[in-house]
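Input: a single structure, listed below in structure tokens.
The values are calculated or read from the model by the stated rules, or taken from the named source; none is laboratory data. Quick caveat: nothing in here was measured; it's all calculated off a predicted structure. Note: ideal-geometry Cβ built from the backbone for every residue, glycine included; neighbour counts use all protein chains shown. Areas reflect the complete protein model, heavy atoms only, side chains present, ligands, DNA and RNA absent. Shrake-Rupley method; radii C 1.70, N 1.55, O 1.52, S 1.80 Å.
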Amino acid sequence: MADLEKIRCELKKQLKKERYIHTIGVMYTAASMAMRYGEDIEKAMTAGLLHDCGKFAPAGEQIRLCKKYELPLKESELEMPALIHAKLGAYLAKEAYKVCDGEILNAILYHTTGRPDMTMLEKIVFLADYIEPGRKMIPGLSDVRRQAFTDIDQAVCLCSKQTLSYLEKSGRSIDPMTRETFLYYSEQKK
């Protein structure tokens, strides 16, 4: 398994202070959720720690690195470069941080948009990124936080719904996967 202390030290050098603090919050939130749902705690901590490792560079540099590493970018990612760090992060987790576990890599890859029928680890990292204690309070966050520890699928549904609402209200591009995530989990509620 990954050497979390070594990764933490490297990320502290790579990331801006605020991003690093957020990353630590996600790591511990993911660990708490893993305990609640009987998921592997070390995998959750590893995915939480590395979820934003691709954000060490500005969006333009992330795009350049994706081209360099031959990581294909979707039109929605180019329209909304804030999504690119997930794909770059999964690549860096494997290549730079030597994480070989496909579950961890997928949790990093889908932590921003989610996807239909996520694994438990993917749901944990998706939600931990949204609910970690350092997040600025936004409408509905308390509900997602509560649901994250009582009904994880309901929490994913609420989280993706609020993300869609925010993106629509602000006139931003929406990745189709975010919408598919919401539709899938809203159907699961029925």
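Examine the range 111-121 for a residue that is within 22 Å of Leu4 (Cβ to Cβ), modelled with pLDDT of 95 or more, open to solvent by less than 50 Å² (accessible area, probe 1.4 Å) and assigned to a helix (DSSP H, G or I), and state whether such a residue exists.
yes
Identify the single condition in (1) in contact (Cβ under 8 Å) with a residue 40 or more places away in the chain; (2) open to solvent by less than 20 Å² (accessible area, probe 1.4 Å); (3) under 18 Å from Met177 (Cα atoms) that His85 does not satisfy, given that it satisfies every other one.
Result: His85 fails condition (1) only.
Give the residue, chosen from Gly171, Gly134, that is on the phi > 0 side of the Ramachandran plot, of a type outside the set (Ser, Thr, Tyr) and outside any helix (DSSP H, G or I).
The conditions single out Gly171.
Provide a single number: the residues in the range 40-52 that are in a loop (DSSP other than H, G, I, E, B) and either under 14 Å from Tyr97 (Cα atoms) or under 16 Å from the mean Cα position of the chain (by Cα) (or both).
Selection size over the range 40-52: 2.
Which residues, counting only those in the range 164-190, are free of Cβ contacts under 8 Å to residues at least 24 places away in the same chain and open to solvent by less than 50 Å² (accessible area, probe 1.4 Å)?
Listed by number, the residues that qualify are Leu164, Ser165, Leu167.
Condition test on Glu61, is it out of contact with any Pro (no Cβ under 8 Å at 6 or more places or on another chain), over 23 Å from Ala2 (Cα atoms) and exposed (fewer than 15 other Cβ atoms within 10 Å of the Cβ)?
Answer is yes for this residue.
I need the full set of residues from the range 53-77 which are in contact (Cβ under 8 Å) with a residue 40 or more places away in the chain and part of a loop (DSSP other than H, G, I, E, B), in order please.
Answer for the range 53-77, where residues must be in contact (Cβ under 8 Å) with a residue 40 or more places away in the chain and part of a loop (DSSP other than H, G, I, E, B): just Lys74.
So which residues in the range 138-152 are in a helix (DSSP H, G or I) and surrounded by 14 or more Cβ atoms within 10 Å (Cβ to Cβ)?
If the condition is that a residue be in a helix (DSSP H, G or I) and surrounded by 14 or more Cβ atoms within 10 Å (Cβ to Cβ), then Leu141, Asp143, Val144, Arg145, Arg146, Gln147, Ala148, Ile152 are the ones that fit.
Just checking, which of Ala90, Ala107 is closer than 18 Å to Ala44 by Cβ, touching a residue at least 60 places away in the same chain (Cβ under 8 Å) and small (Gly, Ala, Ser)?
So the residue among Ala90, Ala107 that is closer than 18 Å to Ala44 by Cβ, touching a residue at least 60 places away in the same chain (Cβ under 8 Å) and small (Gly, Ala, Ser) is Ala107.
Would you confirm, using the coordinates I've provided, whether Glu77 is farther than 19 Å from Ile152 by Cα, surrounded by 15 or more Cβ atoms within 10 Å (Cβ to Cβ) and not basic (Lys, Arg)?
Answer is yes for this residue.
Exactly one condition in (1) farther than 24 Å from Asp3 by Cα; (2) open to solvent by 10 Å² or more (accessible area, probe 1.4 Å) is false for Met45; which is it?
(1)
Identify all residues within the range 88-108 that are surrounded by fewer than 23 Cβ atoms within 10 Å (Cβ to Cβ) and either under 11 Å from the mean Cα position of the chain (by Cα) or over 22 Å from Lys6 (Cβ atoms) (or both); write none if there are none.
If the condition is that a residue be surrounded by fewer than 23 Cβ atoms within 10 Å (Cβ to Cβ) and either under 11 Å from the mean Cα position of the chain (by Cα) or over 22 Å from Lys6 (Cβ atoms) (or both), then Leu105, Asn106 are the ones that fit.
Do you know which of the residues in the range 6-39 that are more than 15 Å from Cys53 (Cβ to Cβ) and over 17 Å from the mean Cα position of the chain (by Cα) is surrounded by the most Cβ atoms within 10 Å (Cβ to Cβ)?
Result: Tyr37.
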